[in-house]
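Engineer: Here's a structure for you.
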Amino acid sequence: PLTLNTTFKPVSPYGTSKLFSYWITKNYRDAYGIFASNGILFNHESPRRGETFVTRKVISFVAKYKIGVRDVLYIGNLDAKRDWGHAKEYVEGMWKILQIKKSGDFILASGKSYSVRYLISSSFNLIGMKILWKGKGINEKGYCSKTNNLLVSVDKRYFRPNEINNLVGETKTAKKQLNWEVKIKYIDLIKEMLDEEIQKLSKKN
């Protein structure tokens, strides 16, 4: 798990900009004694997640399949693992960071990571479908176990230039200092997102 002592190594302009905000916050806190804290939040998801993010992209595809839309999901690195939690719990964590007497730096994470492949499989499982994976690497594909119809195909266009294979955060510090920890399970988060997506799509049709 990544901790506050882990060396920062941003691999995107987005990550680089967040690192600047991290250090400028520490600078003002140390130099002027102001109450300023950093929260390093691992992936926090909800039904409000944008459609270009992998969780929403996968769940939207599965929801469409559930209501009868037949297509193929083109995806990037199936082996990439992320530490996913529910956004509303992370908002509570941010609030708790602001309530303590001494400001500082904190990590909010679930402490567990799941692969994109598992995200796809577990999402389809929730609508009663099992994915059969065949092939390796760029040639890996996912098929419906009952019909053998192609459902998922890896596309190199969606691979990131600098991929981080596994992101998972340390949880002990937040639990000890903030009395905060993730309580909503991964599968319950995915089910909530999927149910809401199916409901929205059903209303449109």
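The values are calculated or read from the model by the stated rules, or taken from the named source; none is laboratory data. Since we're looking at a predicted model, the values are computed, not measured. Positions of Cβ are backbone-derived with ideal geometry, glycine not excepted, and every protein chain shown enters the neighbour counts. Keep in mind that these areas ignore ligands, DNA and RNA; they rest on the heavy atoms of the full protein, side chains included. Shrake-Rupley method; radii C 1.70, N 1.55, O 1.52, S 1.80 Å.
Engineer: Only one residue in Lys175, Lys191 is outside any loop (DSSP other than H, G, I, E, B) and free of Cβ contacts under 8 Å to residues at least 12 places away in the same chain, so which one is that?
Structural biologist: Lys175
Engineer: Which of the residues belonging to the stretch 134-145 are in contact with a helix residue (DSSP H, G or I) (Cβ under 7 Å, 6 or more places away or on another chain) and either closer than 13 Å to Arg117 by Cβ or open to solvent by less than 60 Å² (accessible area, probe 1.4 Å) (or both)?
Structural biologist: Passing the criteria: only Gly142.
Engineer: Looking at the stretch 90-124, which of its residues are aromatic (Phe, Trp, Tyr), part of a helix (DSSP H, G or I) and within 17 Å of the chain's Cα centre (by Cα)?
Structural biologist: Tyr90, Tyr118
Engineer: Given the conditions (1) open to solvent by less than 20 Å² (accessible area, probe 1.4 Å); (2) without any contact (Cβ under 8 Å) to a residue 60 or more places away in the chain, and given that Ile120 satisfies all but one, which numbered condition is not satisfied?
Structural biologist: So the condition that Ile120 fails would be (2).
Engineer: Just one of (1) touching a strand residue (DSSP E or B) at 6+ places or on another chain (Cβ under 8 Å); (2) crowded, with 19+ Cβ neighbours inside 10 Å trips up Val62, so point out which.
Structural biologist: (1)
Engineer: Oh, and also: Being of a type in the set (Ser, Thr, Tyr) and more than 20 Å from Ala63 (Cα to Cα) narrows it down to one residue among Tyr158, Tyr186, Tyr143; which is it?
Structural biologist: Tyr158
Engineer: Got a number for residues in the stretch 29-57 being open to solvent by 80 Å² or more (accessible area, probe 1.4 Å) and over 24 Å from Leu98 (Cβ atoms)?
Structural biologist: Qualifying residue count for the region: 3.
Engineer: Among (1) open to solvent by 60 Å² or more (accessible area, probe 1.4 Å); (2) more than 19 Å from Arg70 (Cβ to Cβ); (3) not in a helix (DSSP H, G or I), which single condition is Ile184 missing?
Structural biologist: (1)
Engineer: With the requirement that a residue be open to solvent by 100 Å² or more (accessible area, probe 1.4 Å), under 19 Å from the mean Cα position of the chain (by Cα) and not hydroxyl-bearing (Ser, Thr, Tyr), what does the stretch 146-162 give you?
Structural biologist: Hits for the stretch 146-162 are Arg160, Pro161.
Engineer: Moving on. Would you please list the contacts, defined by Cβ atoms under 8 Å and residues six or more apart or on different chains, that run from a residue in the stretch 46-69 that is in contact (Cβ under 8 Å) with a residue 24 or more places away in the chain and assigned to a loop (DSSP other than H, G, I, E, B) to a residue that is among the hydrophobic types (A, V, I, L, M, F, W, C) and open to solvent by 30 Å² or more (accessible area, probe 1.4 Å)?
Structural biologist: Every condition considered, the pairs that remain are Ile67/Ile198.
Engineer: Please find, within the stretch 75-113, the residue that is farthest from Leu2 (Cα to Cα) out of those that are crowded, with 20+ Cβ neighbours inside 10 Å and polar (S, T, N, Q).
Structural biologist: This residue is Asn77.
Engineer: Being assigned to a helix (DSSP H, G or I) and over 23 Å from Pro161 (Cβ atoms) is the filter; apply it to the stretch 1-28 and report the residue that is most open to solvent (accessible area, probe 1.4 Å).
Structural biologist: Per the criteria, the residue is Trp23.
Engineer: Answer yes or no: is there a residue in the stretch 167-181 that is more than 30 Å from Trp23 (Cβ to Cβ) and either acidic (Asp, Glu) or surrounded by fewer than 15 Cβ atoms within 10 Å (Cβ to Cβ) (or both).
Structural biologist: no
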